[in-house]
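The values are calculated or read from the model by the stated rules, or taken from the named source; none is laboratory data. Remember, predicted model here, so these are calculated numbers, not experimental data. Methodologically, a virtual Cβ is constructed for each residue, glycine included, from the backbone with ideal geometry; neighbour enumeration extends over all protein chains shown. Just the protein is used for accessible areas: all its heavy atoms, side chains included, with ligands, DNA and RNA removed. Shrake-Rupley method; radii C 1.70, N 1.55, O 1.52, S 1.80 Å.
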Number of protein chains: 2
Amino acid sequence: MTTDAGVPRSPGRPRSTRADEAIVDAALDLLAEGNTVDALAIEAIATRAGVGKATIYRRWPNKVALLRDALATLKGPPPVPAGHSIRDDLVTLLGPVGSHEDPRATRIMPCLVPEIHRSSEHYRIYQEMLEPRRQLMRDVLRRGMASGELRADLDIELTMSLLTGPVLLQRLLHWHRIDEHDLPERVVDAILAGIAIRP
Amino acid sequence: MTTDAGVPRSPGRPRSTRADEAIVDAALDLLAEGNTVDALAIEAIATRAGVGKATIYRRWPNKVALLRDALATLKGPPPVPAGHSIRDDLVTLLGPVGSHEDPRATRIMPCLVPEIHRSSEHYRIYQEMLEPRRQLMRDVLRRGMASGELRADLDIELTMSLLTGPVLLQRLLHWHRIDEHDLPERVVDAILAGIAIRP
């Protein structure tokens with residue numbers, strides 16, 4: 001039974017959760033051990049996971065799709081905004097930006113930066129992995145614009161970069177000499193208020 | 001005649017600009033060719049520059065100091081704020097963030113990210129290289145706070161991360177789907193104004 005990129009799993013075949021987890025774990029282990037995305041072969045992932053290559057290809061059409069799911073697993077499920085306050089929802093969504101509980105993430109994430117820079121395929125893995133989280137943030141910003149809490153003429157994508165940029169840069173590289181405690185709260189409050197005295 | 005870390009050049013010895021440039025160029029070439037900071041040996045830099053190791057050590061006490069100067073050369077001199085408008089000065093200072101005319105920079109900069117993450121020495125190279133630019137931005141923010149254009153209670157280091165974070169992330173990785181034209185202007189204006197409707 002063949003599959004294609006749009007339908008990676010054949011509907012009659014129940015997903016084998018244990019094999020999925022072993023494959024994703026193997027991919028993450030290999031990345032954490034210093035293998036680049038380029039160097040990472042499906043064969044090596046299969047060997048490490050103790051499955052055949054065909055088992056992987058039945059579940060994922062290609063390496064990009066597998067790595068996107070593996071990185072999404074590493075990040076865990078996106079947070080759920082409570083929906084009461086725009087400010088609190090933005091803080092909730094910024095909470096996991098650049099932050100991971102899985103110790104493999106601190107080895108994998110910074111090493112991916114040069115790869116993302118070199119390769120449009122790696123860039124796409126990240127963008128696809130992050131898209132559901134971004135959509136949640138877009139929804140909160142649109143809600144705030146509709147309710148009159150936020151400026152009605154916001155550039156939504158720019159606003160997302162204002163919110164995530166400082167948190168990601170700081171957590172990834174500790175770039176500025178700032179207290180990283182409560183960083184999402186402090187970034188959200190500063191961006192909401194602005195730094196200028198308004199006339 | 002010996003030198004130490006604080007006084008890398010002996011005062012009686014005129015600086016040989018041509019040798020300095022050749023050494024800095026050699027270091028940047030080797031980094032751009034994919035050598036890591038760890039792998040980069042003073043001996044290899046000397047060979048490439050056509051000078052002896054002693055010539056390098058007369059000018060720089062160690063590899064960190066040499067690389068800090070090499071990266072500063074790559075970035076070029078910091079921009080000079082005109083001093084008329086806080087907004088325009090911030091735009092001027094953000095202009096070169098994550099942006100380089102030297103084609104070697106696009107090969108070197110992203111590759112340094114994982115190195116910065118792994119090594120406190122590499123982190124220090126970057127921090128020392130950026131410090132004069134940061135001081136310029138601190139001065140502009142303090143001027144704005146004193147003049148009443150900016151909020152008097154600003155967290156200056158946090159504000160710097162709000163300004164540079166989005167620009168650096170976008171120029172380094174094209175992270176968000178935003179128009180990168182006039183990005184410093186748009187980031188500065190958005191951070192000055194804030195995104196909330198003020199009561």
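Chain A versus the axis that turns it onto chain B: the residue with the nearest Cβ and the distance in whole Å amount to A:G194, 1.
Which one of A:G144, B:M109, B:W175 has its Cα pushed farthest toward the positive end of the charge dipole of the protein assembly as shown, where Lys and Arg give +1 and Asp and Glu give -1 at the Cβ? Towards the positive end, the residue furthest out is B:M109. Relative to the longest principal axis of the Cα atoms of chain B, the long axis of helix B:120-147 lies at roughly 30 degrees. Across peptide B:150-160, the average count of Cβ atoms from other chains found within 10 Å of a residue's Cβ is 4.
Helices in chain A, meaning DSSP H runs of at least 4 residues, each add -39500 (n - 2.57). Divided by all residues, the mean residue ellipticity at 222 nm is -20500 deg cm²/dmol.
Taking every residue in A:168-180 and counting other chain Cβ atoms within 10 Å of its Cβ, the average works out to 5. Using θ = phi - 60° in the Karplus curve 6.51 cos²θ - 1.76 cosθ + 1.60, the 3J(HN,Hα) couplings for region B:59-74 round to 9, 10, x, 6, 5, 4, 5, 5, 5, 4, 5, 5, 5, 5, 5, 4 Hz; x is entered for Gly and Pro. Partner shielding of A:120-133 amounts to 1, given as the average count of beta-carbon atoms from other chains within 10 Å of each residue beta-carbon. In whole Å, what is the distance between the alpha-carbon centres of region A:52-92 and region B:46-84? Their Cα centres are 43 Å away from one another.
Entry comment: accessible area of the protein assembly as shown is 48 Å² per residue, from protein heavy atoms only and a probe of 1.4 Å. Under 5 Å between amide hydrogens, built in the peptide plane, is the criterion, and for B:L150 it picks out A:I197, B:M145 among residues at least 5 positions away or on other chains. Take each peptide in B:101-108, A:124-131, count the other Cβ atoms within 10 Å of every residue, and average; sorted highest first, the result is A:124-131, B:101-108. By the rule of a C-alpha distance below 16 Å, with chain neighbours fewer than 8 residues away ignored, the aspartates and glutamates paired with B:K75 are B:E21, B:D25, B:D29, B:E101, B:D102, B:E128, B:E131. Label-point spacing at B:T106 relative to the other copies reads 3.4 nm, in ascending order, each point sitting 7 Å out from Cα along Cα→Cβ. For A:S119 and B:N62, the FRET efficiency from 1/(1 + (r/R0)^6), where r spans their Cβ atoms and R0 equals 35 Å, is about 0.55. Computed from the Cβ-Cβ distance with R0 of 56 Å, the FRET efficiency linking A:K53 to B:R138 stands at 0.50.
Between 0 and 90 degrees, the angle of helix A:17-32 with respect to the longest Cα principal axis of chain A falls at about 70 degrees. Measuring nothing but protein heavy atoms, the accessible surface of the protein assembly as shown at 1.4 Å probe radius is 54 percent carbon and sulfur. Look at the alpha carbon pairs under 8 Å that are at least 6 residues apart: their mean separation over the length of region A:17-62 gives a relative contact order of 43 percent. Rounded to the nearest 100 Å², what's the accessible area chains B and A bury against each other, both chains counted, probe 1.4 Å? So the buried area, both faces added, is about 4800 Å².
In percent, rounded to a whole number, the relative contact order of chain B is 20, using alpha-carbon pairs under 8 Å and six or more apart.
Remark on the protein assembly as shown: Rg and Dmax equal 24.0, 83 Å (Cα only).
The charge dipole of the protein assembly as shown, taken about its Cα centre with unit charges on the Cβ of Lys, Arg, Asp and Glu (plus for the first two, minus for the last two), comes to roughly 460 debye. Phi-derived couplings, Karplus 6.51 cos²θ - 1.76 cosθ + 1.60 at θ = phi - 60°, listed residue by residue for region B:96-102: x, 4, x, 10, 9, 7, 6 Hz, with x used for Gly and Pro. Cα to Cα, under 18 Å, and not fewer than 8 places away if on the same chain: which lysines meet these conditions relative to A:K53? The qualifying lysines are A:K63. Note on A:E185 and B:I197: the model spin-label points, each 7 Å out from Cα along the C-beta direction, lie 2.7 nm apart. Position B:S147: other-copy label points at 3.7 nm, ordered by increasing distance, label point 7 Å along Cα→C-beta. In this rough spin-label picture, where each label sits 7 Å from Cα along the Cβ direction, the B:E131-A:D102 distance is 3.9 nm.
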